[in-house]
Each structure stands twice: as C-alpha cells, then as structure tokens.
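Participant: My questions will all concern the structure given below.
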Amino acid sequence: MTIITDDQNNILGAVQGHSLTDKQGQVEASVSFAPGHTTHMLEVDDDLGTINDIDDFQGRLKQHLQQHLAGKP
C-alpha cells in the first residue's frame, strides 16, 4: 500500500499497491501530490482491504506508518 502524508506525517490518503500510474487501453491515469507531501510504500496486512470500519482502517494505517517511520534511518 502507498500511504501519503503531509510534512507533519499526518495521513492524507492511501492507495492500494505501489503504482501511482495505471493504463487501461488508450486511457492512462496518474496520481500526484503537492510539494511537501510524501509517499510511503509499505507492506500491510492482507486483510486491510477488507476492513469496512473507517476508524479501524485509519488506526491500522497509522500503526503501519509508525512502524515504517520507526525503521527509517
């Protein structure tokens, strides 16, 4: 999953997978973010995509992001 944060590491959004570009036939789409926003590409639990409760989903995203940031030099 790719998690997007602002300069304070607040989660702004998440995209399933690590590609921010997709092409279907003649149509190509790309996701981009404003300066100061950071993309974090990380592995998450397989069941994250099946969570329907937004509070649970956001909590799990925060947990994965914190673990990811703690592992950075």
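The values are calculated or read from the model by the stated rules, or taken from the named source; none is laboratory data. Bear in mind that the values here come from a model prediction, so they are computed numbers and not experimental data. Because the Cβ atoms are built from the backbone with ideal geometry, glycine has one as well, and the counts that use them run over all protein chains shown.
Participant: Take the residues of the stretch 1-59 that are among the small types (Gly, Ala, Ser) and at pLDDT 90 or above: which is nearest to ALA70 (Cα to Cα)?
Facilitator: Only one residue fits best here, namely GLY59.
Participant: Of everything in the stretch 13-42, what is surrounded by fewer than 10 Cβ atoms within 10 Å (Cβ to Cβ) and under 12 Å from the mean Cα position of the chain (by Cα)? Give them in sequence order.
Facilitator: GLY17, the sole residue that qualifies.
Participant: Follow-up. For the stretch 1-18, which positions are in a loop (DSSP other than H, G, I, E, B) and in contact (Cβ under 8 Å) with a residue 12 or more places away in the chain?
Facilitator: Hits for the stretch 1-18 are MET1, ASP6, ASP7, ASN9, GLN16, GLY17, HIS18.
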